[in-house]
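J.: I am attaching a structure below and will ask some questions about it afterwards.
The values are calculated or read from the model by the stated rules, or taken from the named source; none is laboratory data. What you see is a predicted model, and the numbers here were worked out from it, not measured in a lab. Ideal geometry is used to build each Cβ from the backbone, glycine not excepted, and the neighbour counts take in all protein chains shown.
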Amino acid sequence: MTTTAPLTPAEIEEFGRELDQIRDEVIASLGEKDAQYIRGVIAAQRKLEIGGRALLFASWLPPAWAAGTAALATAKILENMEIGHNVLHGQWDWMRDPKIHSTTWESDIASPSAQWKHSHNVVHHTWTNVLGKDRDIGYTLLRVSPEQRWHPVYVLQPFYNLLLALFFEYGIALYDLEVERIPAGQKSPKEAWTQLRAIAGKVRRQITKDYLAFPLLAGPGFLPVLAGDLTANLARNVWAHTIIFCGHFPEGAQVFTEDQLENETRGEWYVRQLLGSCNIDGGDLLHLMSGNLSHQIEHHLFPDLPSNRYAEIGPRIRALCERFGLPYTSGSLARQTCSVWKRILRLALPGPGQRPPGQAVRPAGDLQAAV
């Protein structure tokens, strides 16, 4: 694992200090304009949902069904990506608005917010791309790095990945259970059962709302409304899967081992976040619909900064990386998506990157040695 130039410990810490300065500047400048942004997005999302559901009630007209389904899918994507994900990161807690706060928001997905915040905010963002610690590496289902030992079960992983994309919200909800920790005694069956009951309750409410209540309200339009709701949810799942996978699995994203994190400093943590993340190039609409996870690098450097600021600080971070000789991995949505699928297809089979069981992934050493 190499970058375009070696860094000394002093250079790594200077890199971290300059990033801290960027973060401090953004925090100091937060104000009403930012608050208006998130309130505006929430208002637009709710109008899209209301309008989409109203159009679906007139779905005996084919154009109304298509428009209603598109509006509802857009609303669900906005709620999941730009609103829910970022609110639950605490990006808007500074507003002290109890309606837009990480402790009160419950997203319109299958995962209970409390469980999602632990698996995502705590585990993934702390141990980003650390093999054996970050469970988002392949979501315990896929082999997305040659550092993962190959097993015959991975031969079918292109099929698994397609299913995961279609039902992503449910896959994430079950993944958050961490049931593999039970046989090792790291988690009690009682704790898992409590979590499973919470997931079941959330799923029951979501299914009742989308697949029973609204279709029944449509009367004779039950089936078209049901089909519209199902299509909107599938579209949201596939989109979320695509954006999230493009953030950590394209070519250029690096994987680390636990021994590289020994005595990790703030500067080294920043470098690891940078090397393990990839951006998606695009315009304002792509950034909005991706929840600004098209700025995955900026998000992983500053997960609690409001997402509307990532585009503003992106050029500064890119310039900083160039000055320190660090890679800033970015590409179009098509390029990053193709890169992800190419990796999934290639790593479904054993190859040159395969290591025998028990062989160390990398020699022991800290992150500074890796870069």
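J.: Can you give me the ranges of the helices (runs of 4 or more DSSP H) entirely in the stretch 176-294 with at least 2 residues that are farther than 22 Å from residue 89 by Cα, over 21 Å from the mean Cα position of the chain (by Cα) and at pLDDT below 90? Full working, then the answer.
T.: Numbers: elements: 189-208, 214-217, 222-248, 266-275, 284-289.
In the stretch 176-294, the matching helices (runs of 4 or more DSSP H) lie at 189-208.
The rows are residues; the columns are (1) crowded, with 18+ Cβ neighbours inside 10 Å; (2) in a helix (DSSP H, G or I); (3) hydroxyl-bearing (Ser, Thr, Tyr); (4) at pLDDT 95 or above.
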position: 4; (1), (2), (3), (4): no, no, yes, no
position: 17; (1), (2), (3), (4): no, yes, no, yes
position: 28; (1), (2), (3), (4): no, yes, no, yes
position: 38; (1), (2), (3), (4): yes, yes, no, yes
position: 50; (1), (2), (3), (4): no, yes, no, yes
position: 53; (1), (2), (3), (4): yes, yes, no, yes
position: 59; (1), (2), (3), (4): yes, no, yes, no
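J.: Is there any pair linking a residue in the stretch 64-86 that is modelled with pLDDT of 95 or more to one that is outside any helix (DSSP H, G or I) and among the aliphatic types (A, V, I, L, M), with Cβ under 9 Å and at least six apart or on different chains, and which?
T.: 64/58; 65/58; 68/58; 76/109; 79/109; 80/109; 83/100; 84/109
A quick yes/no check of all residues on (1) closer than 19 Å to residue 307 by Cβ; (2) out of contact with any strand residue (DSSP E or B) (no Cβ under 6 Å at 6 or more places or on another chain); (3) among the aliphatic types (A, V, I, L, M):
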{"site": "60", "(1), (2), (3)": "no, yes, no"}
{"site": "100", "(1), (2), (3)": "yes, yes, yes"}
{"site": "103", "(1), (2), (3)": "yes, yes, no"}
{"site": "124", "(1), (2), (3)": "yes, yes, no"}
{"site": "128", "(1), (2), (3)": "yes, yes, no"}
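J.: If you go through the stretch 312-331 one residue at a time, do you hit one that is crowded, with 22+ Cβ neighbours inside 10 Å, in a helix (DSSP H, G or I) and either among the small types (Gly, Ala, Ser) or without any contact (Cβ under 8 Å) to a residue 60 or more places away in the chain (or both)?
T.: Among the residues of the stretch 312-331, not one is crowded, with 22+ Cβ neighbours inside 10 Å, in a helix (DSSP H, G or I) and either among the small types (Gly, Ala, Ser) or without any contact (Cβ under 8 Å) to a residue 60 or more places away in the chain (or both), which makes the answer no.
J.: Pairs only if they're at least six apart or on different chains, beta carbon under 6 angstrom, first in the stretch 169-183 and of a type in the set (Phe, Trp, Tyr), second surrounded by 15 or more Cβ atoms within 10 Å (Cβ to Cβ); list them, first residue then second.
T.: From the stretch 169-183, the pairs are 170/110; 175/139.
J.: Please tell me if residue 139 is at negative phi and either at pLDDT below 90 or of a type outside the set (D, E, K, R) (or both).
T.: Numbers: at negative phi: no; either at pLDDT below 90 or of a type outside the set (D, E, K, R) (or both): yes.
No, not satisfied.
J.: Still on this structure, I have one more. Name the single residue that is farthest from residue 266 (Cα to Cα) among those in the stretch 103-155 being within 16 Å of the chain's Cα centre (by Cα) and among the charged types (D, E, K, R).
T.: Top of the filtered list is 108.
J.: Starting from residues that are touching a strand residue (DSSP E or B) at 6+ places or on another chain (Cβ under 8 Å) and closer than 19 Å to residue 45 by Cα, keep the ones in the stretch 281-292 and report whichever is surrounded by the most Cβ atoms within 10 Å (Cβ to Cβ). Show your work before the answer.
T.: The first filter runs over the stretch 281-292 and keeps only residues touching a strand residue (DSSP E or B) at 6+ places or on another chain (Cβ under 8 Å), leaving 281-282, 286, 290.
Those still in the list that are closer than 19 Å to residue 45 by Cα too: 286, 290.
Details: 286: 15, 290: 26.
My answer is 290.
J.: Just to verify a result, which residue in the stretch 163-191, among those that are surrounded by 17 or more Cβ atoms within 10 Å (Cβ to Cβ) and small (Gly, Ala, Ser), is farthest from residue 142 (Cα to Cα)?
T.: The selected residue is 173.
J.: Next question. Applying the selection to the stretch 140-162, what residues are surrounded by fewer than 19 Cβ atoms within 10 Å (Cβ to Cβ), in contact with a helix residue (DSSP H, G or I) (Cβ under 8 Å, 6 or more places away or on another chain) and not in a loop (DSSP other than H, G, I, E, B)?
T.: 140, 158
J.: Return yes or no: is residue 45 in a loop (DSSP other than H, G, I, E, B) and either surrounded by 16 or more Cβ atoms within 10 Å (Cβ to Cβ) or of a type in the set (Ser, Thr, Tyr) (or both)? Spell out the reasoning first.
T.: Values: in a loop (DSSP other than H, G, I, E, B): no; either surrounded by 16 or more Cβ atoms within 10 Å (Cβ to Cβ) or of a type in the set (Ser, Thr, Tyr) (or both): yes.
For residue 45, the condition - in a loop (DSSP other than H, G, I, E, B) and either surrounded by 16 or more Cβ atoms within 10 Å (Cβ to Cβ) or of a type in the set (Ser, Thr, Tyr) (or both) - is not met.
Each row is one residue, and each column tells you yes or no for (1) touching a Leu at 6+ places or on another chain (Cβ under 8 Å); (2) farther than 17 Å from residue 275 by Cα.
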site	(1), (2)
301	yes, no
310	no, yes
314	no, no
319	no, no
342	no, yes
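J.: Being in contact with a helix residue (DSSP H, G or I) (Cβ under 7 Å, 6 or more places away or on another chain) and either among the small types (Gly, Ala, Ser) or part of a helix (DSSP H, G or I) (or both) is the filter here; which residues of the stretch 102-118 pass it?
T.: To start, the set of residues in the stretch 102-118 that are in contact with a helix residue (DSSP H, G or I) (Cβ under 7 Å, 6 or more places away or on another chain) comprises 102, 105-113, 115-117.
Those that are in contact with a helix residue (DSSP H, G or I) (Cβ under 7 Å, 6 or more places away or on another chain) and either among the small types (Gly, Ala, Ser) or part of a helix (DSSP H, G or I) (or both): 102, 107, 110, 111, 113, 115, 116, 117.
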